[in-house]
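The values are calculated or read from the model by the stated rules, or taken from the named source; none is laboratory data. Predicted model, so just to flag it, every value in this text is computed and none were measured. Cβ placement follows ideal geometry from the backbone for every residue including glycine, while neighbour counts extend to all protein chains displayed.
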Amino acid sequence: MTLSAWSLFLVWLIAFGRSDLGRLLHPRLWWLVVCGATIFLIFIVRQAIGFARRPTISEDPWQWPSLLILLLPLLYFSQIPTARFNNDTFKTRNLSTANNSFQKEELVENPEPDTIPTLPADQPREVGLMKLYTEQEKFLGKEVSVVCQTFVDDRLPENTAMCYRYMIACCAADARPLFIFLQHPKNLAIKNDKWIKIQGKMTLITNQELTVPALVVEEVDYVAEPAFPFIY
């Protein structure tokens, strides 16, 4: 029963739960879930053959609690549809910038910037946060468009907010935020912990040998959370 429950859960996750799985696991690693479901099915068949060969099956009541414990992780998945990385997570996780040790060439964003259709000349191109870090000279002084999550805090300089997305290598467990600054007019109140699409001219802010991209924005558009909110 335990093996069957896990097998059915993984099959459901692959067939119907990909929107939730996308907030937990790198899309390129979904094959691991397929492998897990296959292994559980093999175990079920092997266990069924073992039962068929036994003349009698002795039940040990003390065994049931240990088996039920194996089902406990399934209950945590009920929280996934509403669980999100937010500003509290942003404050506690290590901040990551282009000066840190991640491998830039192995990270792409979904959708990849190269797959974005060509826009008219008067419309800024949507750019991933990773591109703003790795190709700063290319975008410096130019109008760009970015989709990210807001962070507003009284400790930031006046008329300044932050905008971030989480970067993952394999799954949500190793997610770290990659951020930019937003410099906005005094009369523009940016809501905290919201997904926004913004456009503005890119500049750079340097503090304590740390250089971070910044956008000078005049307005923000609040949007729905992307289907795949991570950078990978």
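Specify which of the listed residues (ALA224, ALA214) is of a type outside the set (Phe, Trp, Tyr) and either part of a helix (DSSP H, G or I) or surrounded by fewer than 16 Cβ atoms within 10 Å (Cβ to Cβ) (or both).
ALA224
Is there a residue in the stretch 81-88 that is part of a helix (DSSP H, G or I), at pLDDT 75 or above, among the basic types (Lys, Arg) and surrounded by 10 or more Cβ atoms within 10 Å (Cβ to Cβ)?
no
Among all residue pairs at least 6 apart or on different chains, which show Cβ distances below 6 Å where the first residue, located in the stretch 61-74, is in a helix (DSSP H, G or I) and the second is surrounded by 10 or more Cβ atoms within 10 Å (Cβ to Cβ) and among the hydrophobic types (A, V, I, L, M, F, W, C)?
Once the first residue is in a helix (DSSP H, G or I) and sits in the stretch 61-74, its partners that are surrounded by 10 or more Cβ atoms within 10 Å (Cβ to Cβ) and among the hydrophobic types (A, V, I, L, M, F, W, C) give LEU74/PHE9.
Being among the aromatic types (Phe, Trp, Tyr) and out of contact with any strand residue (DSSP E or B) (no Cβ under 7 Å at 6 or more places or on another chain) is the filter here, so list the residues in the stretch 175-231 that pass it. Don't jump to the end; show me each part of the working.
Within the stretch 175-231, the subset among the aromatic types (Phe, Trp, Tyr) is 179, 181, 195, 222, 228, 230.
Answer for the stretch 175-231, where residues must be among the aromatic types (Phe, Trp, Tyr) and out of contact with any strand residue (DSSP E or B) (no Cβ under 7 Å at 6 or more places or on another chain): just PHE228.
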